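Heads up, the thing below is written out as structure tokens.
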Amino acid sequence: MKQIDAYLVPRFSPEGCPRCLSRFKGPTDFLPVSVLMDSDNLPSNTVNQAQGSLAAWDGDSLIQFLSCQHCNNITMVVNLDQRYVLTLEEAEEAVRDGFTAILPVSIKQIDAKVNGNLSFWFRSTYDRLFNKATNLRNSLSLLDNHEQRANDFERIMSPILADIIREIKKEMDLENTFCEARDVLKSKWNQFSRDTKELLIAAYLIKKDLLTYAEVADDIDYVAPVLLYARALENELYYKLFKPFSEVCNDFNYEYNESSPLLKKSIQVIRKMCKDGRKPNLSEMAYCLQTLAGPRVFGNWFRTFVRSMVRDYEYLFIEHAFPQRVVGFVNAYRNRWGIIGPITLRECQRCEEYLLYEPIRLLPMLADAV
């Protein structure tokens, strides 16, 4: 793929230098820099221009430091949003709409044979998305804890996926967009939250573009759809079972002997959710269902609540072993995306099958039961 000129248009705050009041419009006004941090993760007051080294723009980080080209003052800014466009006119229009600056960049040009069949958001973010996934797998390879590696991988990839979903929503009417999940779920589709629907549609659209791009490229990484499918399942578990429990319980007490490390961790996850409002991730929720709400565990308030929310507990938890199936999904996909790579088309398809099709059907079963 050849490199082509484009424009990165970020939105950040503050929008100018607090010392000389010059507005940060582009490379002639500011340069991103790396800044030494003290032990409290705050900029050291001994840092000056000489200690700040030039850095690339990093829109995936919440905090970034900019060196004013007019007075050399270093300013900490908060990244709020960013988008890529192909023409200066589009970049200037984005600034009029509230974005802060215009940065010329180079992006990879998709092969002309399929370029016209690909969405703009795919063409402009492909390089960023999949290079980030590759670099993350390499940087996280020293972590032995697969769950922690998956947590870090998902957390750092989330802002990029959020950018893509925003761009998709600008181009498409998602309420009327076809996707495989909508077709499979039929009447159950409307039982899912708006966020979940958007995640499922975005996964379908990204996979569709990846299949088109695979006609002219090798080693396609299908990690983005898998990430979005897992987030959709996470959303539905949280909003259908876990969040309702946290709304009626502000402190979770477990009366029986905490006999295993996994049980202790699950109890801690539920307590933090109830007391501090911390949202558990998919892996944590899967093991909470297995250790605290499954048919072989001692009675507790969480298990009682889950039984009250599920129409047919025996059908879902005993006959179809729903918690064990969610744990299986976590181990097969959610906790492996930061380890293996690239994710193949077959692995992506098996992930979809796990969620939507026989014999597992996690999302349809969840819609039927809760």
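Data overview
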| read-out | value |
| --- | --- |
| Filter result for the condition that a residue is touching a Ser or Thr at 6+ places or on another chain (Cβ under 9 Å), among the hydrophobic types (A, V, I, L, M, F, W, C), surrounded by 17 or more Cβ atoms within 10 Å (Cβ to Cβ) and not in a loop (DSSP other than H, G, I, E, B), over ALA232, ALA224 | ALA232 |
| Selected residue (criterion: modelled with the lowest pLDDT) from residues of the stretch 186-211 that are of a type in the set (Ser, Thr, Tyr) and surrounded by fewer than 19 Cβ atoms within 10 Å (Cβ to Cβ) | SER187 |
| Exclusive hit being free of Cβ contacts under 8 Å to residues at least 40 places away in the same chain, at negative phi, part of a loop (DSSP other than H, G, I, E, B) and hydrophobic (A, V, I, L, M, F, W, C), set ILE360, ILE343 | ILE360 |
| Count - residues of the stretch 86-116 that are of a type in the set (A, V, I, L, M), modelled with pLDDT under 85 and more than 28 Å from the chain's Cα centre (by Cα) | 1 |
| Close pairs from the stretch 148-166: first outside the structural domain of ARG83 (by TED's automatic domain parsing) and more than 20 Å from LYS197 (Cα to Cα), partner crowded, with 20+ Cβ neighbours inside 10 Å and aromatic (Phe, Trp, Tyr), Cβ under 8 Å, at least 6 apart | ALA150/TRP337; PHE153/TRP337 |
| Qualifying residue in the stretch 335-354 (condition: farther than 30 Å from LEU210 by Cα, of a type in the set (D, E, K, R) and either surrounded by fewer than 16 Cβ atoms within 10 Å (Cβ to Cβ) or not assigned by TED's automatic domain parsing to the domain that holds ILE220 (or both)) | no |
| Residue in the stretch 34-42 that is out of contact with any Pro (no Cβ under 8 Å at 6 or more places or on another chain) and either closer than 29 Å to GLU171 by Cα or modelled with pLDDT of 80 or more (or both) present | yes |
| Residue within the stretch 163-183 that is loosely packed, with under 13 Cβ neighbours inside 10 Å and not in a helix (DSSP H, G or I) present | yes |
| Selected residue [under 15 Å from TRP337 (Cα atoms), assigned by TED's automatic domain parsing to the domain that holds LYS186 and touching a residue at least 12 places away in the same chain (Cβ under 8 Å)] from VAL216, VAL226 | VAL226 |
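The values are calculated or read from the model by the stated rules, or taken from the named source; none is laboratory data. None of these values were measured; they are calculated from a predicted model. Because the Cβ atoms are built from the backbone with ideal geometry, glycine has one as well, and the counts that use them run over all protein chains shown.
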